[in-house]
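**Student:** The following block contains the structure, expressed as structure tokens.
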Amino acid sequence: MIMNPELQAEQRRVNPLKFMLILLIVSIVMMFAAFTSAYIVRREEGNWLEFDLPAVLIINTVVLILSSIFMQWAYASAKKDNLKNLKIALLLTIVAGTAFLIGQWQGWGELVRNNVYFGGSTSNPSGSFLYVLTGVHAFHLITGLIFLIIVVISALKYKVHSRNLNRIELCTIYWHFLGALWIYLYVFLVLNH
Amino acid sequence: MSSTDISLHKDVHLGHDDHHDDHDHDQSFIEKYIFSQDHKVIAKQFLFAGIFWAVIGGLLSSLFRMQLGFPEATFTFLEPILGKWVDGGKLNPEFYLALVTMHGTIMVFFVLTAGLSGTFSNFLIPLQIGARDMASGFMNMLSFWFFFLASVIMFYSLFLETGPAAGGWTVYPPLSALPQAISGSGAGMTMWLVSMALFIVSQLLGGVNYITTVINMRTRGLSMTKLPLTIWAFFLTAVLGLLAFPVLFSAALLLIFDRSFGTSFFLSDIYVAGEALTHTGGSPVLFQHLFWFLGHPEVYIVILPTFGIVSEIIATNSRKPIFGYRAMIGSMLGIALLSFVVWAHHMFVSGMNPFLGSVFMFLTLIIAVPSAVKVFNWIATLWRGNINFTTAMLFSVAFVSLFISGGVTGIILGNSALDIQLHDTYFVVAHFHLVMGSAAFFGMYAGVYHWFPKMFGRMMEEKLGYLHFWITFACVYLIFMPMHYIGIAGFPRRYYTWTGFETFNKFMDMNTFITIAAIVAFAAQFLFLFNFIYSIFRGRRATENPWKSNTLEWTTPVNPGHGNWPGPLPVVYRWPYDYSKPGAPEDFIPQNVPFSQTQSSNLPHERDTE
Ligand code: HEM
Ligand SMILES: [Cu+2]
């Protein structure tokens, strides 16, 4: 009996898109590893402005964790073909994600009110770093929101269900990663302040 | 997001897979040659782009070598071409620095990273692992077009009024951050940063694809320990890129903020023309750490692919199995790993803590061990081989020679005490031009000469290839050997002129000599260019497997179409180095020949597993 080698290879492979997503996540991790280690190295050198982290950050953290729970709920609903819950959960994830972004914006406002600036003659790298870490994370969160919207659109077209989990699975992984990344950043900032 | 587009595309693609032959015909010209998703076309696009950049990079170096070799001469003939950069026949000093910077940037990133990996990873990964294409043809295409965009921006910056970036290829701040310091740090530097950001995106898209393809799409029977060394090398190169380039991206981002948004990550307490700048609290050494965390792995991103290429060519043309196959993989793994923990050997004299210096010195010197293993294995493969001196083989053997000569000086530089004298002298320039510049170029040439028949279905002209090889090989040593000598004497790099220093005047003749050799070497590359273009159209027609090689790409038709194999994918039964196997009728057994067909040469443990 001759087996079709192509079919065989097909069965063996991990979903390549999932693999690629994980590699992209690795590269994002390296970016933040660079930022946070630069932060530590620079802090050790002194001339470092100490200031309080914006109080709103802890609320934002909770909101983002909530959004991850919603995301997981959406995934579970898709798996169980509960399309109504799927849509509700996805929308809640988007709402929570957006609320997080607004919260971060408030955090920046609070920093400015406390005279901690991104640039300019009165800025100090300690403040600038905070803006960079939160800003670059927010940028990635926006890409995550775009991904979510794409999933919502395909959910509305009945293309997300138990036999077509690919897209929502990738989205879930990415979203949880963004949440975990933020928790890492938050803990890092609290410990190094 | 793009990943969903890919999944859509993928569905379509898989559907088409079983009748891909007719799929071929209804592609328009643009789909087939410009926005192509076929890995072979993308590889050629990278190759042509790389060659274009190599010519530009070479031209720039010839210009600044003329300044160094003939400091008293006036080059009025350059005025019509270079305009105000040549004043009264004299090269503008800032323009000299811009030339050096752009030469370095172009050669390291655009030629030896994008040109080299882009060409050979794209071309060989699917062909040698028995896949129809890359994991995502769409991302692969994006990778090229991001590179193209980066190229356009970098090229455009050459023609700016204020000149291109001029702070060295390492773009250290504060020089690169302050337009007041040097005019190249104005718009030229901005474009450099934008171009490099796009370049990094291109590298990441490509690298993610290479890794995914190697892990997921190997044909039946092709385990990781049966992979050709080329694939191992491309795979590890992509891993290094994936880990290192994001760090450069971070550094570039912070530099952009310092330049345009008034932050002070890298700037502190600077006086320009007696006036204090407002930046306080930054650390320029921080930039060096971030840069070299990429920068050192980057030099291995350049050299690793050629390790693979050279191993393959040496084994094939010695008609012998590669010596120490597993040791070759192990040493590449070791080098890849170590390359992340030695970056500060570029910073011994940056004011870094000397204790840290000795840690990095120790780690740096360890790299000599896996490097020596590789060299030993190449030589042992050649030893008593039945050698075919094809042009590719000559370049590969010369690669080993250059890698040794350049590596030995690395060990000298790796000693933090010796580096106090040698840092930023021509000794360093000689070191990295031998070990990286020349060796990687030789590896690339070897690859082009060797895989040209599979790329274009024709052979390159061997006689012309020999001529190209011998002139280049001689010139490379004539250029870089004397540089060690003037470097030890303390001759600094990146100086526009040295005639002001009495000590260095006695090197006048030597510098002139180097310049002449450099220009001859540059001119000789046009032999290659002619041979390359001529052979694409007029070369002798190739056969399917002209070098009698074992790897899978040689089992495809002379001009492999879309999907690579017309029939089913080949199945692999053995490693790729069964050359001159005792008892076999031929001196090579391709990887897709089952053991059941080679009873006379099988070793006791070798039989088909199914
Ligand atoms: C035994 C292995 C090697 C050792 C111990 C070594 C050591 C060093 C050291 C200590 C320096 C810094 C010198 C200075 O700036 O004062 C250096 C510079 C350099 N090395 Fe190596 N090296 C080795 C192999 C290589 C290889 C394989 C490559 C590339 C393929 C390479 C590329 C470079 C480059 C590009 C520079 C100069 C960068 C610059 O300042 O512009 N080296 N090497
Ligand atoms: Cu290095």
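**Student:** Are any residues in the range A:24-56 surrounded by 21 or more Cβ atoms within 10 Å (Cβ to Cβ) and away from every other protein chain (no Cβ under 14 Å), and if so, which ones?
**Tutor:** Scanning the range A:24-56 gives a single hit, A:PRO54.
**Student:** Let me ask something else. Specify the residue that is nearest to B:ALA523 (Cα to Cα); the eligible residues are those in the range B:456-471 that are part of a helix (DSSP H, G or I) and open to solvent by 10 Å² or more (accessible area, probe 1.4 Å).
**Tutor:** Filtering first and then ranking leaves B:ILE471.
**Student:** Still on this structure: Give the residues of the range B:154-191 that are in a helix (DSSP H, G or I) and surrounded by 19 or more Cβ atoms within 10 Å (Cβ to Cβ), sorted by residue number.
**Tutor:** Result: B:MET154, B:SER157, B:SER183, B:GLY184, B:SER185, B:GLY188, B:MET189, B:MET191.
**Student:** Might you let me know whether the range B:505-518 holds any residue that is open to solvent by less than 40 Å² (accessible area, probe 1.4 Å), aliphatic (A, V, I, L, M) and over 25 Å from B:LEU418 (Cβ atoms)?
**Tutor:** Scanning the range B:505-518 turns up at least one residue that is open to solvent by less than 40 Å² (accessible area, probe 1.4 Å), aliphatic (A, V, I, L, M) and over 25 Å from B:LEU418 (Cβ atoms).
**Student:** Here's something else I'd like to know. With the requirement that a residue be part of a helix (DSSP H, G or I) and either under 22 Å from B:GLY58 (Cα atoms) or open to solvent by less than 80 Å² (accessible area, probe 1.4 Å) (or both), what does the range B:480-504 give you?
**Tutor:** Passing the criteria: B:PHE480, B:MET481, B:PRO482, B:MET483, B:HIS484, B:ILE486, B:GLY487, B:PHE504.
**Student:** Could you tell me which numbered condition B:ALA439 fails, if it satisfies all but one of (1) more than 19 Å from the chain's Cα centre (by Cα); (2) open to solvent by less than 10 Å² (accessible area, probe 1.4 Å)?
**Tutor:** Among (1) more than 19 Å from the chain's Cα centre (by Cα); (2) open to solvent by less than 10 Å² (accessible area, probe 1.4 Å), B:ALA439 violates only (1).
**Student:** Looking at B:PHE530, is it touching a strand residue (DSSP E or B) at 6+ places or on another chain (Cβ under 6 Å) and away from chain A (no Cβ under 14 Å)?
**Tutor:** No.
Listed here are the residues, each with its yes/no results for (1) assigned to a helix (DSSP H, G or I); (2) open to solvent by 10 Å² or more (accessible area, probe 1.4 Å); (3) facing chain B (nearest Cβ under 8 Å); (4) farther than 30 Å from B:PRO284 by Cβ.
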{"residue": "A:GLN106", "(1), (2), (3), (4)": "yes, yes, no, yes"}
{"residue": "A:VAL112", "(1), (2), (3), (4)": "yes, yes, no, no"}
{"residue": "A:GLY119", "(1), (2), (3), (4)": "no, yes, yes, no"}
{"residue": "A:THR122", "(1), (2), (3), (4)": "no, yes, no, no"}
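**Student:** Looking at (1) more than 29 Å from B:LEU277 (Cα to Cα); (2) within 16 Å of ligand 2 (Cβ to nearest atom), which is the one condition that is false for B:TYR172?
**Tutor:** For B:TYR172, the exception is condition (1).
**Student:** Still on this structure: Name, by its number, the condition in (1) modelled with pLDDT of 95 or more; (2) in contact with a His (Cβ under 9 Å, 6 or more places away or on another chain); (3) farther than 19 Å from A:VAL41 by Cβ that does not hold for B:ARG319.
**Tutor:** Tallying (1) modelled with pLDDT of 95 or more; (2) in contact with a His (Cβ under 9 Å, 6 or more places away or on another chain); (3) farther than 19 Å from A:VAL41 by Cβ, B:ARG319 fails exactly one: (2).
**Student:** Quick check on this structure: which one of B:PHE266, B:PHE348 is within 11 Å of another protein chain (Cβ to nearest Cβ), touching a residue at least 40 places away in the same chain (Cβ under 8 Å) and touching an Asp or Glu at 6+ places or on another chain (Cβ under 8 Å)?
**Tutor:** Going through B:PHE266, B:PHE348 in turn, just one is within 11 Å of another protein chain (Cβ to nearest Cβ), touching a residue at least 40 places away in the same chain (Cβ under 8 Å) and touching an Asp or Glu at 6+ places or on another chain (Cβ under 8 Å): B:PHE266.
**Student:** Return the pairs, sorted by first residue and then second, in which the second residue is more than 9 Å from ligand 1 (Cβ to nearest atom) and hydroxyl-bearing (Ser, Thr, Tyr), the first residue lies in the range B:401-419 and is touching a residue at least 12 places away in the same chain (Cβ under 8 Å) and away from chain A (no Cβ under 14 Å), the beta carbons are less than 8 Å apart, and the residues are 6+ apart or on different chains.
**Tutor:** From the range B:401-419, the pairs are B:LEU402/B:SER438; B:SER405/B:TYR477; B:GLY406/B:SER438; B:SER416/B:SER358.
**Student:** Can you tell which of B:VAL448, B:VAL435, B:VAL476 is out of contact with any Cys (no Cβ under 7 Å at 6 or more places or on another chain) and within 16 Å of ligand 2 (Cβ to nearest atom)?
**Tutor:** The unique qualifying residue is B:VAL435.
**Student:** Kindly indicate the residue of the range B:283-303 that is more than 17 Å from B:PHE245 (Cα to Cα) and open to solvent by 10 Å² or more (accessible area, probe 1.4 Å) and also farthest from ligand 2 (Cβ to nearest atom) among those meeting that condition.
**Tutor:** By that ranking, first place goes to B:PRO284.
The values are calculated or read from the model by the stated rules, or taken from the named source; none is laboratory data. Since the structure is predicted, the reported quantities are computational estimates derived from the model, not experimental observations. Glycine gets a Cβ as well: all are built from the backbone with ideal geometry, and neighbour counts include every protein chain shown. Accessible surface areas use protein heavy atoms only, side chains included; no ligands, DNA or RNA. Shrake-Rupley method; radii C 1.70, N 1.55, O 1.52, S 1.80 Å.
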